[in-house]
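Quick notes on the structure that follows.
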Amino acid sequence: MECVFGLVGDGFAVVAADSSAVHSILVHKSDEDKVMLLDSHKLLGASGEAGDRAQFTEYIQKNVHLYQFRNGIPLTTAAAANFTRGELATALRKNPYSVNILLAGYDKDIGPSLYYIDYIATLHKIEKGAFGYGSYFCLSMMDRHYHSGMSLEEAIDLVDKCIMEIRSRLVIAPPNFVIKIVDKDGAREYAWRKSIKSD
């Protein structure tokens, strides 16, 4: 019952994800961080099979770092999204990854951006998006309440509304969520929304 969702506001992008690691009817942990810091100004939120998600996102992160070490400049958000899409497309014909991605970033000249990349290597630049069973509720909430140029407070309020909707309406709702933002100051963790504490 995974859920990853994100949106673009005025000078920033937000990505939130549930933090449950589950398999079949078992919950293995409830503090799994599914939003990776790709580099200083990029976030990669992923959903899908746990092994594919961990392996593929780490592979992308290391290749983005390798590009920066070799060339002395980081990839733009659009370039990182296209590289990710290309790797998914290549794997699709050999040994496909079952992973869906929201890639958010901030570029000095362009500003914030958010890219939708699904498991069959579809790439699209979006203002708001979601993956997983929780997306049925997130997308309807965002259709109603999202507007371009949202302030950070408005965006976090909308994220909280989405989380509350998932918790109250999804049959098996994930209890904990992580929220991360990226803006001119970089990518960072913003908050956790926990209803179950881990030991």
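A few points about this structure:
- Whole-Hz ³J(HN,Hα) from phi, Karplus 6.51 cos²θ - 1.76 cosθ + 1.60, for the range 13-23, glycine and proline x: 10, 10, 10, 10, 8, 5, 10, 8, 9, 10, 8
- Separation of alpha-carbon centers, the range 1-79 and the range 90-150, rounded to whole Å: 11
- Here the Karplus curve 6.51 cos²θ - 1.76 cosθ + 1.60, taken at θ = phi - 60°, turns the phi angles of the range 50-64 into couplings of 4, x, 4, 4, 5, 5, 5, 5, 5, 4, 5, 4, 5, 6, 5 Hz, with x standing for Gly and Pro.
- Under 5 Å, built H, 5+ apart or other chain: amide partners of ASP118: ILE101
- For the chain, lysine pairs with C-alpha atoms less than 12 angstrom apart, excluding pairs fewer than eight positions apart on the same chain, total 5.
- Fewest-first ordering of ASP39, ASP160 by other beta carbons within 10 Å of each residue's beta carbon gives ASP160, ASP39.
- Listed residues THR122, SER30, GLY132: farthest to the positive end of the dipole of the chain (Cβ charges): THR122
- What the Cα convex hull of the chain gives, in volume per residue, is 117 Å³.
- Between SER98 and GLU49, the built amide H atoms are under 5 Å apart, and every one of these is 5 or more places off in sequence or on another chain.
- Working note: Karplus 6.51/-1.76/1.60 with θ = phi - 60° gives the range 99-115 the couplings 9, 10, 10, 10, 10, 10, x, 10, 10, 4, 7, 9, x, x, 8, 9, 10 Hz, where Gly and Pro are set to x.
Bear in mind that the values in this text are calculations on the coordinates, not laboratory data. Please read these numbers as outputs of a predicted model, since none were measured by experiment. Methodologically, a virtual Cβ is constructed for each residue, glycine included, from the backbone with ideal geometry; neighbour enumeration extends over all protein chains shown.
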